[in-house]
Structure formats: C-alpha cells, structure tokens
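Beneath this line is the structure, given in structure tokens, with notes to follow.
The values are calculated or read from the model by the stated rules, or taken from the named source; none is laboratory data. All of these numbers come straight from a predicted model, not from anything done at the bench. Glycine also receives a Cβ, built like all others from the backbone with ideal geometry; neighbour counts cover every protein chain displayed.
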Amino acid sequence: MATYPRRMHTALDTTDGRGLAEFYRELLGLRYRPGDEAPADGAADDDSWLVLVDDDGNRQLAIQKVDSLPRSTWPSADVPMQLHIDYAVPTVDDLHLHRRRAEELGAELLYDRTGVESEPLYVLADPAGHPFCLLVGVL
C-alpha cells in the first residue's frame, strides 16, 4: 500500500509572530507546542517560528515571522492570499520519492534544503504557483 504525504500543519507568514500566534491560539482554542510559549522571565522572545497544537498535541498552525509582508487585497488580485502547507513524510527516501511524484504531477522545485540533516525539505510550487513544503517530520 502506498504511503502519501500528510499535512503537518498550515504555516502562515506574518511580521508579528507572537501577535498572530496569540490571535489563532485564542480564536481556535489551541495551545503552544512545548517550548514555544512566551518567556515568563522577561527573556527575549524568539517568535520567528511558533507552532500551535490541539488538545491532543497535533500540529494545527505554524506561524513564521518575516521582515515584511504586504497585506492581501483579496478579493482583488493585486496582492493575493498568502499561506503555504507543510506535508510530512517519515523518511528521506520518502521525501525524494514524493518530490519526484509531485514534479510528475506538475510541481516545480523552488528550494532544496535536503542537505540540512535536522530537517531536510523541499519547497515546491504547485501548478498554479502556490508554494508548499515536503519535509521529513513527525506529525
């Protein structure tokens, strides 16, 4: 039986990592992945990548801080909607297999980070140009 990539979480870009994470935490009743909580001791907050999980610990959203981000003007097409989905596979072999499969289906490779042993990944664009990630990860 074939193994398919599974959605790991949906990743949203923002210029205010903690602020957006708090919005979705409150709106959706989520909690931070252990280690992503805001520091209580006044230490600097690394809000560059925060993950929100449900009550069972399943990843739901990731918030990625970026330096600048034009606000979407949707439904106008001037600045389209902005998000990407991460899909996890269990092994590096599966990662390569699903990259080839995605390209056969019309995806285009945008970025190859398979040399990073701690989290190898590919960023691809679907046929319409929407980016998505294939990575080795645990759901």
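Only a single criterion out of (1) surrounded by 13 or more Cβ atoms within 10 Å (Cβ to Cβ); (2) touching a Phe, Trp or Tyr at 6+ places or on another chain (Cβ under 8 Å); (3) not in a helix (DSSP H, G or I) is not satisfied by ALA88, namely (2).
Among the residues of region 47-59, those that are surrounded by fewer than 16 Cβ atoms within 10 Å (Cβ to Cβ), under 17 Å from the mean Cα position of the chain (by Cα) and at negative phi comprise SER48, TRP49, ASP54, ASN58. Answer yes if at least one residue in region 132-139 is closer than 15 Å to MET8 by Cβ, free of Cβ contacts under 8 Å to residues at least 60 places away in the same chain, of a type outside the set (D, E, K, R) and not in a loop (DSSP other than H, G, I, E, B), and no otherwise. Within region 132-139, one or more residues are closer than 15 Å to MET8 by Cβ, free of Cβ contacts under 8 Å to residues at least 60 places away in the same chain, of a type outside the set (D, E, K, R) and not in a loop (DSSP other than H, G, I, E, B).
Note on region 1-37: among residues that are closer than 30 Å to LEU97 by Cβ and outside any loop (DSSP other than H, G, I, E, B), the one that is nearest to the chain's Cα centre (by Cα) is ALA11. Can you find a residue that is surrounded by 14 or more Cβ atoms within 10 Å (Cβ to Cβ), closer than 27 Å to ALA21 by Cβ, touching a Leu at 6+ places or on another chain (Cβ under 8 Å) and touching a residue at least 12 places away in the same chain (Cβ under 8 Å) anywhere in region 101-115? No, that holds for no residue. ARG100 passes every criterion in (1) assigned to a loop (DSSP other than H, G, I, E, B); (2) of a type in the set (Lys, Arg); (3) not assigned by TED's automatic domain parsing to the domain that holds THR10 apart from (1). Among all positions in region 75-82, there is no residue which is surrounded by 13 or more Cβ atoms within 10 Å (Cβ to Cβ) and in contact with a Leu (Cβ under 6 Å, 6 or more places away or on another chain).
How many of the residues making up region 119-129 are closer than 16 Å to ASP86 by Cα and outside any strand (DSSP E or B)?
From region 119-129, those closer than 16 Å to ASP86 by Cα are 119-126, 129; that's our starting set.
Filter again for outside any strand (DSSP E or B), leaving 119-120, 126, 129.
Residues that pass the stated criteria total 4.
Note on region 63-84: among residues that are in contact with a Phe, Trp or Tyr (Cβ under 9 Å, 6 or more places away or on another chain) and among the aliphatic types (A, V, I, L, M), the one that is nearest to ARG33 (Cα to Cα) is ILE63.
Against the definition (modelled with pLDDT of 95 or more, over 16 Å from GLU119 (Cα atoms) and not aliphatic (A, V, I, L, M)), how does ASP47 come out, yes or no? No; evaluated as a whole, the condition is false for this residue.
Among the conditions (1) part of a loop (DSSP other than H, G, I, E, B); (2) in the same structural domain as THR10 (by TED's automatic domain parsing), the only one that VAL116 does not satisfy is (2).
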